[in-house]
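Working notes for the structure below.
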Amino acid sequence: MSWQAHFPTRVFFGRGVINEQANLLPALGSRALIVCGNGGSAIRNGAMEDVCQALRQESINWELFDEVEPNPTIETIRRGAALAYENKADFVIGIGGGSPMDAAKGMAITNLERITDQELLELKYGNVLPIVLVPTTAGTGSEVTSASILTSHNDQTKRNIGTAKLIPSIAFLDPSYTSSIPWQITADTAVDAYSHAIESYFSAKNSRISSLFSTQAMMILGKELKIIAEKRELDPENRESLLYASYLAGVAISLTGTSIPHAIGYSLTYYKGMPHGRANGIVMPAWLDFNYQVSTQHRIRTALEISSLASLTEFRELIALLCGPAPVCTSDEHHVFLKHALKTKNIYNNLVVPRPEDVTEILLNSLNWNRELL
Ligand code: NAP
Ligand code: FE
């Protein structure tokens with residue numbers, strides 16, 4: 001048995017944590033760049049006010065970049081990094097779902113304006129300012145991972161610019177910010193968290209330490225996914241469990257990385273506009289069928305049991321309730337999705353490495369194919 005672990009983020013969980021821990025911030029500097037989404041949710045859910053109050057209390061100046069779109073592009077990261085540079089920011093605070101959190105990580109790279117997109121994607125970047133993250137969705141776990149997933153129009157897909165330099169210094173997890181999330185975003189993001197847990201569990205890099213986190217996350221999320229499917233409004237306890245489990249799943253993927261659903265899901269987001277978690281959800285049942293066929297039946301049974309699921313059929317039905325129908329695709333799109341998936345690293349990070357024909361099969365079984373065009 002051999003494994004490695006590195007999760008250095010200081011994590012604070014609970015209602016009111018930002019206010020309680022504000023005195024940690026001056027150690028990071030006297031000027032901050034705050035990064036949030038362009039939809040205004042950080043203001044409506046109270047996270048922005050709590051962050052600004054903490055900065056005021058600690059006499060820290062800030063500048064705001066509030067233009068992050070879902071699935072942020074490299075161009076957006078460059079604009080935010082320029083603002084950080086102009087204002088001599090000492091650290092970056094990202095508030096929001098995975099999009100603003102991943103964007104904040106990219107904007108913390110201090111030499112971004114002196115490197116090309118290619119160099120960025122090859123991870124040839126310099127120093128990174130300290131990063132503080134405040135998740136307001138319960139899904140990505142970005143608050144504890146090294147990953148920053150950016151849309152690259154040049155590559156027509158999403159790319160990860162993550163290295164250990166991007167691991168956040170501090171994460172404030174306050175479940176009260178998540179109470180305002182509408183049902184569909186709650187479902188999409190919870191499915192993302194579950195996909196992290198189960199992809200980690202079936203990862204080629206699964207270890208004794210990663211499965212500690214992935215199985216605990218699956219245990220909580222399996223129950224919570226059913227509750228989301230049944231109820232339109234969630235109780236505060238459910239919100240708390242979802243945020244906790246998405247953090248656990250984030251630690252799990254920080255140890256193993258993600259795998260086949262993420263590798264294929266990027267194309268569903270880029271070409272079909274599907275939110276990230278839903279895109280993974282659409283692929284997960286066919287991926288588990290594949291894993292079941294290629295001799296991991298015992299592990300599948302254990303994964304389902306841990307997740308309080310009776311069968312793969314029950315899982316497929318649950319995902320259909322949460323994610324809705326798969327998009328209709330053409331054979332041209334099939335080729336494009338396959339090409340992109342085979343270029344990712346995560347497609348090979350599965351307990352059993354798929355052959356191209358296996359990926360084709362997973363694509364055919366996940367999506368709705370426009371038969372007239374096939
Ligand atoms: P998101 O794109 O950050 O946000 C989706 C929507 O939810 C936005 O419209 C956002 O509004 C809204 N929202 C956020 N918090 C809310 C709240 N408390 N109440 C109401 N609405 C709220 O979605 P996400 O699923 O959290 O993140 C997806 C991104 O994370 C993708 O780019 C994905 O690739 C990435 N990701 C990263 C990792 C990692 O380890 N780094 C892992 C998985 C996924 P605003 O515009 O106001 O923010
Ligand atoms: Fe994800």
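The values are calculated or read from the model by the stated rules, or taken from the named source; none is laboratory data. Predicted model, so just to flag it, every value in this text is computed and none were measured. Methodologically, a virtual Cβ is constructed for each residue, glycine included, from the backbone with ideal geometry; neighbour enumeration extends over all protein chains shown. Heavy atoms of the whole protein, side chains included, go into the accessibility calculation; ligands, DNA and RNA do not. Shrake-Rupley method; radii C 1.70, N 1.55, O 1.52, S 1.80 Å.
Numerical summary
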| read-out | value |
| --- | --- |
| Three-way shape call for segment 90-165 based on the alpha-carbon gyration tensor, with the a/c threshold at 1.5 | oblate |
| Cα centroid separation - segment 135-206 against segment 309-345, whole Å | 19 Å |
| Most mobile of Glu314, Glu67, Glu143 in a GNM of the chain (Cα contacts under 10 Å) | Glu314 |
| Helix axis angle, 183-201 relative to the chain longest principal axis, alpha carbon, degrees | 70 degrees |
| Whole-Å semi-axes of the ellipsoid equivalent to segment 166-211 (Cα gyration tensor, √5λ, descending) | 25, 17, 8 |
| Summed side-chain charge close to Lys223 - residues other than Lys223 whose Cβ falls under 12 Å, Lys, Arg +1, Asp, Glu -1 | -2 |
| Helix 47-57 vs. the chain, principal-axis angle (Cα, 0 to 90°, nearest 10) | 30 degrees |
| Within the accessible area of segment 247-346 (1.4 Å probe), percent carbon and sulfur | 56 percent |
| Whole-number D in µm² s⁻¹ for the chain, Kirkwood Cα-pair radius fed into Stokes-Einstein, 10 °C, 1.306 mPa s | 77 µm²/s |
| Cα gyration tensor category, rounded, prolate or oblate, for segment 1-44 with a/c compared to 1.5 | prolate |
| Accessible area per residue, Å², segment 234-324 with all protein chains present, probe 1.4 Å | 35 Å² |
| Computed over segment 211-251, Cα set: Rg, Dmax in Å | 10.2, 31 |
| DSSP bridge pairs, the chain: antiparallel proportion in percent, nearest 5 | 15 percent |
| Rounded if a/c under 1.5, otherwise prolate or oblate - segment 235-300, Cα gyration tensor axes | oblate |
| Debye log10 I(q)/I(0) for segment 243-351, one point scatterer per Cα, at q = 0.12 Å⁻¹ | -0.45 |
| Top of Lys158, Lys231, Lys88 by mean-square fluctuation, Gaussian network on the chain, Cα under 10 Å | Lys231 |
